[in-house]
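Have a look at the structure below, then the notes.
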Amino acid sequence: MPKPVLLLTRKLPEPIEARAARDYAATLNSADDPWYRDGAEIARRAAALGAQGILCAAGDPMNAATIAALPDSVRIIATFSVGYDHIDLAAAKARGIVVTNTPDVLSFATAECAFTLMLMAARRAGEGERMVRAGKWEGWAPTQLMGVTLEGKALGIAGFGRIGRELAAMARGFRMKIHYRDLRRAPPELEQGATFHDNDETFLSAVDVLSMHMPGGEATRKWLNAARLARMKPGSLVINTGRGGSVDDAALVEALRSGHIRAAGLDVYDGEPRIFPGYLGLENVALLPHLGSATIETRLAMGERALGNLDAVLIHAKIANDALT
Ligand code: DGY
């Protein structure tokens with residue numbers, strides 16, 4: 001049997017590319033050539049190859065127009081990400097194309113990244129690092145770069161899915177009190193004593209640190225706006241490792257400038273890699289380049305998971321474990 005034809009839009013870790021090349025007639029993007037930013041180009045390449053599968057990643061424009069332009073040969077789009085707001089699921093479903101993601105395997109790494117940002121924001125780590133590198137540090141001083149401790153603070157987790165729950169487990173080690181906001185209350189074994197809020201008002205006014213883990217898309221667009229920020233306690237922290245579009249950037253910049261929000265830590269941005277210019281001049285925001293799942297262990301696990309989904313559909317004629325359509 002000929003190997004199924006697979007198009008990879010991105011450079012992936014070497015063992016993943018090796019497995020893809022072993023099991024598929026795979027066309028790699030080993031140079032990470034940015035043609036993946038152009039949906040028409042993805043469709044053109046898929047058509048030229050007669051691709052049956054596309055292994056794409058977060059940010060690739062797999063929107064309705066791209067999906068409409070794909071050749072009939074495409075049976076599965078496997079994204080190397082847990083988020084799938086870059087894929088028009090309805091358009092894929094209408095064409096009978098299976099879409100899969102990579103849940104579970106990146107939950108700990110992404111929670112770890114949120115915790116990194118929480119510590120950076122609370123302890124002014126970015127400011128301190130910039131000071132040392134700029135040669136501006138003049139020695140230890142009792143009032144220098146005083147931050148706030150996380151110990152005993154109320155952590156508000158917006159989106160209590162797998163990543164949010166991993167963060168809760170880490171935060172318990174810092175003796176934080178856990179609050180969460182989600183559409184539904186979690187069962188006791190997942191809640192583990194965390195306080196559920198069924199509305200944004202009580203949730204936002206209860207917390208000292210807000211960590212956002214919401215899916216992207218229209219339903220969460222600019223959720224953290226000026227009105228919700230105003231509900232938060234003065235001096236709170238805001239962390240976002242979910243999707244950049246969930247934050248109204250102008251409102252957050254204003255709250256950071258006024259000091260109503262003491263500090264923020266961001267890993268994701270609306271329209272990334274573009275960064276809202278207002279953040280760049282602020283000392284009290286830590287900015288990471290979408291590192292959430294970027295550990296060697298996690299990226300390998302994501303690749304294995306994505307290939308497992310492709311194998312299910314294209315090699316074993318089975319239902320993929322992570323099928324979204
Ligand atoms: C995800 O998996 O959705 C991350 O945000 C990026 O890959």
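No value in this document is a laboratory result; all are computed from the given coordinates. This is a predicted model, so every value here is computed, not measured. Backbone-built Cβ (ideal geometry, glycine too); neighbour counts: all protein chains shown.
Over all directions, how big on average is the projection of the convex hull of the alpha-carbon atoms in region 1-92, in square nanometres?
Projected over every direction and averaged, the Cα hull of region 1-92 covers 5.6 nm².
Calculate the translational D of region 48-165 in whole µm² s⁻¹ from Stokes-Einstein, where the hydrodynamic radius comes from the Kirkwood formula applied to all Cα pairs, the temperature is 4 °C and the viscosity 1.567 mPa s.
Translational diffusion coefficient: 72 µm²/s.
Which value, in debye to the nearest 20, describes the size of the charge dipole of the chain about its Cα centre when Lys and Arg Cβ atoms bear +1, Asp and Glu Cβ atoms bear -1, and nothing else is charged?
Taking the Cα centre of the chain as origin, the dipole is about 240 debye.
Compute the FRET efficiency between Met146 and Glu254 as 1/(1 + (r/R0)^6), taking r as their Cβ-Cβ distance and R0 = 25 Å, and round to the nearest 0.05.
The formula returns an efficiency of 0.60 here.
DSSP loop (so not H, G, I, E, B), at most 15 other Cβ within 10 Å: list which trypsin sites (Lys or Arg not before Pro) in region 296-325 pass both filters.
Lys318
Viscosity 0.692 mPa s, temperature 37 °C: what is the translational diffusion coefficient of the chain from Stokes-Einstein with a Kirkwood Rh over Cα pairs, rounded to a whole number of µm²/s?
Roughly 156 µm²/s, to the nearest whole number.
Sort Trp35, Trp140 so the one with the fewest other Cβ atoms within 10 Å of its own Cβ comes first.
Fewest to most other Cβ atoms nearby, the residues stand as Trp140, Trp35.
Could you state the orientation-averaged shadow area of the convex hull built on the Cα atoms of region 107-287, in nm² to one decimal?
Working: hull surface 42.2 nm².
Computed as one quarter of the Cα hull surface, the answer is 10.6 nm².
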